[in-house]
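J.: Below is one structure. I have some questions about it.
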Amino acid sequence: MAIVIDPISPVAFSVAGFPVRWYAIAYIIAFISGYVILQRIGRSKNAELQLSKKELDDLLTAVILGVIVGGRMGYVLFYNLPYFMAHPLDIFAVWHGGMSFHGGLLGVIIAAIIFAKKWRRALQVLDLISVVAPIGFFFGRIANFINIEIMGRPTDSALAVYFNGVSDVPRYPSPLFEAATEGVLLFGIMCCLYRFTNLRKYPGALCGAMAMFYAVFRIVCELFRAPDAQIGFLTSWGLTMGQLLSGILFIAGAVFFATALHQRHEN
């Protein structure tokens with residue numbers, strides 16, 4: 001029997017008549033949490049890259065821009081290009097939802113390269129970001145669940161949820177599955193890799209590992225998540241856009257990881 005849930009308003013509260021949405025709060029919490037943890041990592045004796053407070057502030061600004069611009073453009077290009085070609089002004093209406101992880105990741109990579117100026121340092125920056133990035137994945141998926149978006153496939157499983165007055169049928173709470181795997185589990189894995197292995201000494205290894213783990217978790221979670229209505233399945237056997245992009249991400253992560261180890265051994 002499905003778990004029945006009363007819908008939660010996507011607007012958390014209003015300030016002077018301006019609505020503050022849960023989605024925005026999720027991003028703010030994620031950025032602040034990541035910033036605080038990066039500060040602690042930078043002060044630890046195991047840190048391979050020391051960043052001053054000003055550098056951390058500049059990095060946070062670059063990452064915010066990379067996530068928002070890259071995430072939005074990724075959604076526009078990968079998931080709903082015909083619509084946005086017909087309605088170009090809606091590209092800027094981010095408060096209506098529509099962000100792509102894969103586009104956001106590309107945006108962060110570009111931001112890190114611009115911030116670091118040198119490729120090796122950019123890899124070290126990306127390694128640090130990879131440790132804290134799952135925090136953002138977690139809060140983002142929780143916001144998805146509150147907004148009742150990217151919900152799962154219909155099911156009669158005991159894990160199914162049904163939103164009063166909104167759901168047509170009971171569905172898997174796929175955003176919660178992604179929050180648990182891409183968020184909590186991946187954060188634990190990345191912290192362990194940073195703390196208990198020497199991968200932090202191999203520039204690019206941690207970001208490669210994060211990409212591979214995320215790709216695997218996303219591909220599995222997509223088995224429970226309904227495909228985007230405007231795209232559907234890409235193949236007759238059920239491949240989704242998220243799985244396709246995650247497959248490419250896994251290959252890219254494996255290349256980063258293998259290259260990092262190879263270069264370290266050469267040095």
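J.: Which ordering of V108, V94, V36, V76 is given by a fewest-first count of other beta-carbon atoms within 10 Å?
T.: Ordered from fewest to most neighbouring Cβ atoms within 10 Å, V108, V94, V36, V76 come out as V36, V94, V76, V108.
J.: So which aspartates and glutamates can K201 reach, going by Cα to Cα under 12 Å and dropping same-chain residues fewer than 8 places off?
T.: Within the straight-line cut-off, K201 pairs with E48, D127.
J.: Taking the alpha-carbon centroid of each part, what is the distance from the stretch 131-192 to the stretch 199-267 in angstrom?
T.: A separation of 19 Å, based on Cα centres.
J.: Taking 0.36 nm per residue of sequence separation and subtracting the Cα-Cα distance, how much length would be gained by fully extending the chain between L60 and D168, in nm to one decimal?
T.: That pair, L60 and D168, stretches by 34.8 nm at full extension.
J.: Can I ask one more? Indicate the helices, whole DSSP H runs only, in the chain that combine a mean Kyte-Doolittle hydropathy of -0.5 or more with a Cα extent along their long axis of 18 angstrom or more.
T.: Membrane-span-like by this criterion, though nothing is claimed about a membrane: 22-43, 53-79, 101-116, 119-146, 205-221, 241-266.
J.: If you count, for each residue, the other Cβ atoms within 10 Å and average over each peptide, how do 245-255, 192-202 line up from highest to lowest?
T.: In descending order of packing, they fall as 245-255, 192-202.
J.: Run the helix sum for the chain: -39,500 (n - 2.57) per DSSP H stretch of 4+ residues, divided by residue count, reported at 222 nm to the nearest 500 deg cm²/dmol.
T.: -20000 deg cm²/dmol
J.: Which one, L245, C207, A143, is farthest towards the positive end of the dipole of the stretch 125-267 when Lys and Arg carry +1 and Asp and Glu -1 on their Cβ?
T.: The residue sitting farthest along the positive end of the dipole is C207.
J.: I would also like to ask the following. Ranking W22, W119 by Cβ neighbours within 10 Å, fewest first, what do you get?
T.: Going from least to most buried by this count: W119, W22.
J.: For the stretch 1-51, what class follows from the C-alpha gyration tensor (a ≥ b ≥ c being the square roots of its eigenvalues): rounded when a/c is under 1.5, otherwise prolate if a/b is larger than b/c, else oblate?
T.: oblate
J.: Can I ask one more? Which shape class applies to the chain: rounded if a/c is under 1.5, otherwise prolate when a/b exceeds b/c and oblate if not, where a ≥ b ≥ c are the square roots of the Cα gyration tensor eigenvalues?
T.: prolate
J.: How many nm is it between the label spots at L159 and Q50, if each spot is 7 Å from the Cα in line with the beta carbon?
T.: Spacing of the two 7 Å Cα→Cβ label points: 4.7 nm.
J.: To continue, here is another question. Pull up all non-local amide H partners of V20: gap of 5 or more, or a different chain, and H-to-H distance under 5 Å with H placed in the peptide plane.
T.: A12, F13, S14, V15
J.: Could you grab the relative contact order for the chain? Cα pairs under 8 Å, six or more apart, rounded to a whole percent.
T.: 21
J.: Report the extension gain between L81 and I110 in nm, rounded to one decimal, defined as 0.36 nm multiplied by the number of residues separating them, less their alpha carbon distance.
T.: The L81-I110 span can extend by a further 8.2 nm.
J.: Distance in nm between label sites at A180 and A226, each 7 Å beyond Cα in the beta-carbon direction?
T.: Result: 2.1 nm between the two label points.
J.: Placing unit charges on C-beta atoms (Lys and Arg positive, Asp and Glu negative, everything else neutral), compute the dipole magnitude of the chain about its Cα centre in debye, rounded to 20.
T.: Result for the chain is approximately 1060 debye, rounded to the nearest 20.
Only the coordinates and a few stated rules stand behind these numbers; no lab work does. Because the structure is a prediction, the values reported are computed rather than measured. Methodologically, a virtual Cβ is constructed for each residue, glycine included, from the backbone with ideal geometry; neighbour enumeration extends over all protein chains shown.
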